[in-house]
Amino acid sequence: MNYDQIFDQAIDRLHSEGRYRVFIDILRNKGAYPNARCFAGHNGPKPITVWCSNDYLAMGQHPKVISAMEEALHDVGAGSGGTRNIGGNTHYHIELESELADLHGKESALLFTSGYVSNDATLSTLAKLLPGCIIFSDELNHASMIAGIRNSGCEKQVWRHNDLDHLEELLAAADPDAPKLIAFESVYSMDGDIAPIHAICDLADKYNALTYIDEVHAVGMYGEHGGGISDRDEAASRITIIEGTLGKAFGVMGGYITADTRIVDCIRSYAPGFIFTTSLSPVLVAGALASVKHLKASSEERDRQQTAAADLKRMFAEAGLPVMDSVTHIVPLMVGDPIKAKQISDILLAEYGVYVQPINYPTVPRGTERLRFTPGPMHTEEMMRDLTSALVEIWERLEIRLAA
């Protein structure tokens, strides 16, 4: 067995398909986001503009967040010291969980080290606690949700994306006495569309199913207090479990769930992904806590971000660029070819100082490769016009047809 050959062939396949991933070496400039420095190449750092960060509201740069993290660092030190059960539980963790539960109108919350872990650990554990459970999963659910469902070992039924008729068809055909869980997202981050939450909850009520919503691309972004689409649509009380992240709009790191105390206690007590991992550093928790508190009270960042997204979509459309329909803050530009997507990304970085990563399979289906822009409250109109002009020039250079 030639192990090296097998590994080389695996990497060669990615190169040949044009979807080998390159991690760009950058540093953000504190207080000057979206400006950053790129270290790719050999002539020292080059100034660039970041267009693909999930720090949607630039809260990772907010003075309140940075100050809270500095204060915690000097108060308690760097690490947490262990799992939550063994030295890793701090007052910061308790306070943030209380704040998150309040954000979503739930009794309790539970912190995890990432949104991936919170989905995987919760879904796999929940289904194991419900004998004979069937999980009904939207076909575009995130990889972390798919992993959690797979790791649960339970029966899975995949319903066509946002297709309520198909979901009801599957629910109606299932054993009426079997425990059921409908798992879906609020904002689907690659297409920028939204789930019909109330209609899904209506079906859950009709067929006696629990509901699990992933709000990672919506928390902080929508609703009067930043509780997500379920907050905006006044649907949070109808959802059994709301899952979110602290690493996107809140600008720090970590994941969480909120639910009633009974469910949270079960996940806390049974989920290996929670029990056996070192807890988040108090420094990170303090920063996330400051961010959540600020965005509960301030809509300024949300409003400016939504304006920026609308402006960029309009500029792309007016220039004939193939901007995809999106009702959210996500601005996807369809390319449809992995090699061209990488070419465009490379030219933008090398010649225009614009950083945006190509999105290829398996993140999106083959043939739907794209560039995914996330304009934030600090992207200016001038930046957007320069970006649009650059893209038009590259489209013409690569002989990709623009819309009439």
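Could you compute how fast region 204-349 diffuses translationally, taking Rh as the Kirkwood radius over C-alpha pairs and applying Stokes-Einstein at 25 °C with viscosity 0.890 mPa s? Give it in µm² per second.
Values: Rh = 18.0 Å.
Stokes-Einstein gives a translational diffusion coefficient of 136 µm²/s.
Taking every DSSP beta bridge that has both ends in the chain, the antiparallel portion is near 55%.
Quick note on region 223-291: its Rg to Rh ratio, both from C-alpha atoms and Rh being the Kirkwood radius, is 1.00.
Averaged over its residues, region 124-281 has an accessible area of 39 Å² per residue, based on protein heavy atoms and a 1.4 Å probe.
As an exercise, identify the trypsin sites (Lys or Arg not before Pro) in region 240-272 lying in DSSP coil whose Cβ has no more than 14 other Cβ atoms within 10 Å.
Working: sites: 248, 262, 268; in loops: 248.
Answer by residue number: there is no such site.
Is there a pair in 156/248; 46/340; 180/293; 248/313; 180/296; 30/313 whose C-alpha atoms are over 31 Å apart, and which pairs would that be? Before the final figure, lay out each step's value.
Numbers: 156/248 29 Å; 46/340 24 Å; 180/293 34 Å; 248/313 21 Å; 180/296 33 Å; 30/313 27 Å.
Pairs exceeding 31 Å: 180/293; 180/296.
Modelled this way, with points 7 Å down the Cα-to-C-beta line, the labels at residue 402 and residue 6 are 5.0 nm from one another.
Using Cα pairs closer than 8 Å and at least 6 residues apart in sequence, work out the relative contact order for the chain, in percent. Can you show the working numbers first?
Values: 777 pairs, mean separation 84.8, N = 404.
Relative contact order of the chain: 21 percent.
Over region 23-76, accessible surface divided per residue gives 57 Å², non-protein components excluded, 1.4 Å probe. Taking only the alpha-carbon positions of region 25-182 and ignoring solvent, what does the Debye formula give for the base-10 log of I(q)/I(0) at q = 0.13, 0.14, 0.15, 0.16 Å⁻¹? Rounded to two decimals, the profile gives -0.92, -1.00, -1.05, -1.10.
Return the carbon/sulfur percentage of the accessible area of the chain, one whole number, probe 1.4 Å, all protein chains in place.
Numbers: 9400 of 18230 Å².
Exposed carbon and sulfur together represent 52 percent of the surface.
Estimated at 0.36 nm per residue, the fully extended path between residue 234 and residue 139 surpasses their Cα-Cα distance by 31.7 nm. Loop-resident chymotrypsin sites (Phe, Trp or Tyr not before Pro) (DSSP state other than H, G, I, E or B) in region 1-75 with no more than 16 further Cβ atoms inside 10 Å of their Cβ: 20, 23, 39. In a DSSP loop and with at most 12 other Cβ atoms within 10 Å, the chymotrypsin sites (Phe, Trp or Tyr not before Pro) in region 200-304 are 276. Cα gyration tensor of region 277-318, axes a ≥ b ≥ c as square roots of the eigenvalues: rounded (a/c below 1.5), prolate (a/b > b/c) or oblate? It is oblate, given that a/c is not under 1.5 and a/b is not larger than b/c. Overall, region 180-237 carries a charge dipole of about 220 debye about its Cα centre when +1 sits on the Cβ of Lys and Arg and -1 on the Cβ of Asp and Glu, all other atoms neutral.
How much mean residue ellipticity at 222 nm does the chain get from its helices, if each DSSP H run of length 4 or more adds -39500 (n - 2.57) and you divide by all residues, to the nearest 500 deg cm²/dmol? Intermediate results must be reported in sequence, preceding the final value.
Numbers: 14 runs with 171 residues, N = 404.
Roughly -13000 deg cm²/dmol at 222 nm, from the helical runs in the chain.
Between residue 202 and residue 278, the simple label model (points 7 Å from Cα in the Cβ direction) yields a spacing of 5.0 nm. Cα centroid separation, region 365-390 to region 34-82: 21 Å. The residues of region 363-404 expose on average 51 square angstrom of accessible surface per residue, using a 1.4 Å probe on protein heavy atoms.
Loop exposure criterion: GluC sites (Glu not before Pro), DSSP state outside H, G, I, E and B, at most 11 other Cβ atoms within 10 Å. Applied to the chain, the longest stretch between such sites is 1-223. Please state the shape class of region 140-283: rounded when a/c is under 1.5, otherwise prolate if a/b exceeds b/c and oblate if not, all from the C-alpha gyration tensor. Verdict is oblate for region 140-283. A simple charge model with +1 on the Cβ of Lys and Arg, -1 on the Cβ of Asp and Glu and nothing else charged puts the dipole of region 1-149 at about 360 debye relative to its Cα centre.
The values are calculated or read from the model by the stated rules, or taken from the named source; none is laboratory data. The shown structure was predicted, so the numbers you read here are calculated from the model rather than taken from an experiment. Backbone-built Cβ (ideal geometry, glycine too); neighbour counts: all protein chains shown. Accessible surface areas use protein heavy atoms only, side chains included; no ligands, DNA or RNA. Shrake-Rupley method; radii C 1.70, N 1.55, O 1.52, S 1.80 Å.
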